[in-house]
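One structure follows; several queries about it will come next.
Computed from the coordinates by the stated procedures, all read-outs in this text should not be read as laboratory data. Being a predicted model, the structure only gives us computed values, none of them experimental. All Cβ positions, glycine included, derive from the backbone under ideal geometry; neighbour counts span all protein chains shown.
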Amino acid sequence: MKEKQELKRHLRALLKEKRAMMLAHNYQRDEVQDTADLTGDSLGLSQAAAESDAEVIVFCGVHFMAESAAILSPGKTVILPRMDAGCPMADMITEDDLIEEKRKRPSVPVVAYVNTTANVKALSDICCTSANAVKVVSSLEAERVYMVPDRNLAHYISRGVNKKMEWWDGFCPTHENLTAEEVVKAKADNPGSIFVCHPECRPEVVDLADHVCSTSGMYRYAREVDSTTIIVGTEMGILWRLRKENPSKRFILPSKSLICPNMKLITLEDVIESLEEMKNVVTVTDDVRVKAKAALDKMLAVPREW
Ligand code: 13P
Ligand code: SF4
């Protein structure tokens, strides 16, 4: 415990010395979230990176998130403390796959979930996150829309918009683990509870939810909802801040398998080492960056829905 406090102090001093801002996604280890300048969801953190006047952004999340920060903030140095922290869902579609899908439907706009590589974003018309997906798709004039890579998010959006939607067959292995049976059991074991989940969950799980939203949307929902027992259908890292901000409420994880191994890779030691050596800098080539930024900028012009 004392050692962790010491590491935090050392890291905070180092951040100051390097004029760096530390961002942590809501799924990061508790101590990483606790040390960061800001915690948030994919949308909030990419906006914060773009708006910050820090010279260095230390992004504690997974690769596509740091890459989005690098795309939006070309003048800053963006560090991902562990380069092996990837997102398996983002890797489920390649640039070549998307070129082939676009060839099949030439005039249909492509919406890329931010959980994609910069190359895939560069081939897309607009990006979205779980915090603005329905609004982004609704903002398009086209009647047909193609979405990559998450089939579950696309299915969820298709219910909220008046458009014909097609999508790539990708998924998040962590959210896919949660079954409807586990949610039904958690509800039966906790009478009076409510269930909130991320739209990356399977459709039959989403059907059981009282509310569906992004990770940061869950903090707001937990704060505002009357119920004192909340079953949470997303990665377990979210529990730390939910419990800290709502000490009188109970948060229940319906499955032991709601853990994203990639989100758990970064330790405080990794953050210190990468900052000291200024290593693991995420860069995007200019031609890709300009096209990917256009898709991200279009998304940022659409208001958040939570
Ligand atoms: P949020 O955009 O809600 O933070 O989710 C990102 C993610 O990777 C969920 O698995
Ligand atoms: Fe990717 Fe799923 Fe991990 Fe989010 S939880 S980073 S979508 S693998």
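Only bridges whose two residues both fall in the chain count here: according to DSSP, what percent of them are antiparallel, nearest 5?
5 percent
Let me ask something else. Between Ile57 and residues 5 or more places away or on another chain, which pairs have amide H atoms under 5 Å apart, with H built 1.01 Å from N, and which residues are they?
Under 5 Å from the amide H of Ile57: Met21, Thr77, Val78, Ile79.
Return the tail of the calculated pair distribution for region 66-107, meaning the percent of Cα-Cα pairs more than 15 Å apart.
Details: 536 of 861 pairs.
Pairs farther apart than 15 Å: 62 percent.
Here is a follow-up. Which whole DSSP H helices in the chain pass both tests: a Cα extent of 24 Å or more along the axis and a mean Kyte-Doolittle value no lower than 1.0?
On the way: long enough: none.
Span-like helices in the chain: none at all.
When the distances between all Cα atoms of region 96-198 are binned every 10 Å from zero, what whole-number percent does each bin get?
Bins of 10 Å from zero give 14, 42, 26, 13, 5, 0 percent of pairs.
Kindly provide the GluC sites (Glu not before Pro) of region 54-100 that DSSP labels as loop, not H, G, I, E or B, and whose Cβ sees at most 15 other Cβ atoms within 10 Å.
Answer by residue number: Glu55.
On to the next question. Using Cα pairs under 8 angstrom and six or more residues apart, how large is the relative contact order of the chain, in percent? Please list the in-between numbers first.
On the way: 612 pairs, mean separation 70.7, N = 306.
Normalised by residue count, the contact order of the chain is 23 percent.
Taking only the C-alpha atoms, wrap a convex hull around region 217-306 and report its volume per residue in Å³ as a whole number.
On the way: hull volume 14.2 nm³, N = 90.
In region 217-306, the Cα hull volume divided by residue count equals 158 Å³.
Once Rh is set to the Kirkwood radius over Cα pairs, what Stokes-Einstein translational diffusion coefficient, in µm²/s, holds for region 149-306 at a temperature of 25 °C and a viscosity of 0.890 mPa s? It would help to have the intermediate numbers written out before the result.
Numbers: Rh = 18.0 Å.
It diffuses with D of about 137 µm²/s by this estimate.
Something else now. Semi-axes of region 29-78's equivalent ellipsoid from the Cα gyration tensor, sqrt of 5 times each eigenvalue, largest first, rounded to whole Å?
The answer is 17, 11, 10 Å, longest axis first.
Work from the charge dipole of region 164-306 (Cβ charges, +1 for Lys and Arg, -1 for Asp and Glu, about the Cα centre) and give the residue of Ser248, Met236, Phe171 farthest towards its positive end.
Toward the positive end, the furthest listed residue is Ser248.
What's the FRET efficiency of Arg19 with Ser248 using the Cβ-Cβ distance as r and R₀ = 45 Å, to the nearest 0.05?
FRET efficiency, Arg19 to Ser248: 0.70.
Still on this structure, I have one more. Where does region 151-227 land on the Kirkwood hydrodynamic radius, alpha-carbon pairs, in angstrom?
Value: 13.5 Å, from the Cα pair sum.
Which semi-axes, in whole Å and largest first, does the equivalent ellipsoid of region 141-189 have when worked out from the alpha carbon gyration tensor as the square roots of 5 times its eigenvalues? Show your work: numbers first, answer last.
Details: eigenvalues 156, 38, 6 Å².
Output for region 141-189: semi-axes of 28, 14, 5 Å.
Specify, per residue and in Å³, the volume enclosed by the convex hull of the alpha carbon atoms belonging to region 1-107.
It is 120 Å³ per residue.
Can I ask one more? Kindly identify the chain as rounded, prolate or oblate by the Cα gyration tensor criterion: order the square roots of the eigenvalues as a ≥ b ≥ c, call it rounded if a/c is under 1.5, otherwise compare a/b with b/c, prolate if a/b is larger, else oblate.
oblate
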